[in-house]
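Working notes for the structure below.
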């Protein structure tokens, strides 16, 4: 992992950029490019950087017996990336409430600048003692909400909510 880049404030009117990742040799498949499974892992690492930045750390999870589950996840592959390529990730919150948030991520080739992939997900806050969706604590939800409020007037991503289909001519 290249690492997390902490912005001065998370609540900016632009997608967050706080993570970079280099494509590892073990992520390469028989086609010579990054395997589909590792796109999910790389997007998850980038989302984890945002979670840590808002205070949703492993220590917090353990101390409060909470977790997160992903309720839905979609990845759209745009252009391949290869071993050693440096990736940068953007992240924005599309909508949220006290128990869940819907977010959008983009993966870019950091040096060449092209969009490599897009991801969309819904994360649920879980009380692990009953394994049910539960409200975020106010300080965490406040940070999530602040990011959402700062980003809510940005144009929605073109492929948000896109369905998979074979296009017919």
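The values are calculated or read from the model by the stated rules, or taken from the named source; none is laboratory data. None of the values given here were measured: they were computed from a predicted structure. Here the Cβ is made from the backbone with ideal geometry for all residues, glycine too, and neighbour counts use every protein chain on show.
Quick check on the range 69-85. Is at least one of its residues within 20 Å of residue 27 (Cβ to Cβ), loosely packed, with under 15 Cβ neighbours inside 10 Å and in contact with a helix residue (DSSP H, G or I) (Cβ under 6 Å, 6 or more places away or on another chain)? Yes, that holds for at least one residue.
Candidates are the residues of the range 102-151 that are assigned to a loop (DSSP other than H, G, I, E, B), at negative phi and out of contact with any strand residue (DSSP E or B) (no Cβ under 8 Å at 6 or more places or on another chain); the one that is surrounded by the most Cβ atoms within 10 Å (Cβ to Cβ) is 137. Tally time: how many residues in the range 72-92 are in a strand (DSSP E or B), more than 14 Å from residue 161 (Cα to Cα) and free of Cβ contacts under 8 Å to residues at least 60 places away in the same chain? So the count comes out to 1.
Counting only residues that are in a helix (DSSP H, G or I), touching a residue at least 40 places away in the same chain (Cβ under 8 Å) and surrounded by fewer than 17 Cβ atoms within 10 Å (Cβ to Cβ), the range 19-39 holds 2 of them. Comparison of 42, 49 shows that the only residue that is within 17 Å of residue 121 (Cα to Cα), assigned to a helix (DSSP H, G or I) and at pLDDT 95 or above is 42.
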